[in-house]
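Please read the structure below before turning to the comments.
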């Protein structure tokens with residue numbers, strides 16, 4: 001996989017290997033060849049992600065993770081699995097960009113009583129699924145996305161974050 005990680009907040013010590021593990025688990029789950037896929041990840045803080053959230057979602061508050069898919073792959077019918085992306089003329093599949101905030105992640109992990117690594121893996125999986133057309137706006141889509149997240153996390157040896 002072509003993974004580009006940009007660190008804007010130096011507290012993100014192990015983001016690249018965590019992101020690679022989580023993204024590869026998603027790509028394996030959906031059946032995409034990871035060596036064909038491109039993803040960009042930004043490790044930032046609450047101030048930066050609040051700016052991005054304001055700019056792209058008109059919500060001027062911090063959040064844990066944001067995603068910008070390269071292509072709209074969402075299923076038309078609620079609860080259906082999104083279409084897989086196709087390679088471009090170079091044979092590569094640009095999936096998109098993810099931003100993740102250290103401040104929100106560390107706070108949420110502490111509040112949930114789980115490790116930062118497990119929480120970050122969950123959020124990167126969540127963000128990657130957004131890049132692949134999964135969403136949680138409609139209830140059937142949310143049920144599908146949550147189930148996929150739990151299954152991928154289980155394969156990584158991480159407990160179901162929704163059962164806590």
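Readers should treat all values here as calculations from the given coordinates under stated rules, not as data from a laboratory. These figures come from a predicted structure and were not determined experimentally. Methodologically, a virtual Cβ is constructed for each residue, glycine included, from the backbone with ideal geometry; neighbour enumeration extends over all protein chains shown.
Which residues, counting only those in segment 1-18, are free of Cβ contacts under 8 Å to residues at least 24 places away in the same chain, assigned to a loop (DSSP other than H, G, I, E, B) and either in contact with a helix residue (DSSP H, G or I) (Cβ under 8 Å, 6 or more places away or on another chain) or within 13 Å of residue 120 (Cα to Cα) (or both)?
13
Among the residues of segment 89-126, which ones are under 17 Å from residue 25 (Cβ atoms), part of a strand (DSSP E or B) and over 13 Å from the mean Cα position of the chain (by Cα)?
93
For (1) farther than 22 Å from residue 43 by Cα; (2) touching a residue at least 12 places away in the same chain (Cβ under 8 Å), each residue gets a yes or a no:
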{"position": "115", "(1), (2)": "no, no"}
{"position": "125", "(1), (2)": "no, yes"}
{"position": "136", "(1), (2)": "yes, no"}
{"position": "139", "(1), (2)": "yes, yes"}
{"position": "147", "(1), (2)": "yes, no"}
{"position": "156", "(1), (2)": "no, yes"}
{"position": "161", "(1), (2)": "no, yes"}
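When the residues of segment 64-85 are narrowed to those that are in a loop (DSSP other than H, G, I, E, B) and in contact with a strand residue (DSSP E or B) (Cβ under 7 Å, 6 or more places away or on another chain), which ends up farthest from residue 19 (Cα to Cα)? Spell out the reasoning first.
Keep residues of segment 64-85 that are in a loop (DSSP other than H, G, I, E, B), which gives 64, 70-85.
Among the residues that remain, those that are also in contact with a strand residue (DSSP E or B) (Cβ under 7 Å, 6 or more places away or on another chain) are: 64, 70, 85.
Details: 64: 14, 70: 18, 85: 20 Å.
Taking the candidates together, the pick is 85.
What's the total number of residues in segment 1-23 that are touching a strand residue (DSSP E or B) at 6+ places or on another chain (Cβ under 6 Å), under 16 Å from residue 37 (Cβ atoms) and buried (at least 17 other Cβ atoms within 10 Å of the Cβ)? Even if it seems obvious, please write down each step before you answer.
Of the residues in segment 1-23, the ones touching a strand residue (DSSP E or B) at 6+ places or on another chain (Cβ under 6 Å) are 1-9, 12, 15-16, 19-20, 23.
Still in the running and under 16 Å from residue 37 (Cβ atoms): 1-5, 16, 19-20, 23.
Checking the rest, the ones that are also buried (at least 17 other Cβ atoms within 10 Å of the Cβ) come to 1, 5, 19-20, 23.
Final tally of qualifying residues: 5.
If residue 48 meets every condition in (1) assigned to a loop (DSSP other than H, G, I, E, B); (2) over 25 Å from residue 142 (Cβ atoms) apart from one, which number is that one?
Status for residue 48: all satisfied but (1).
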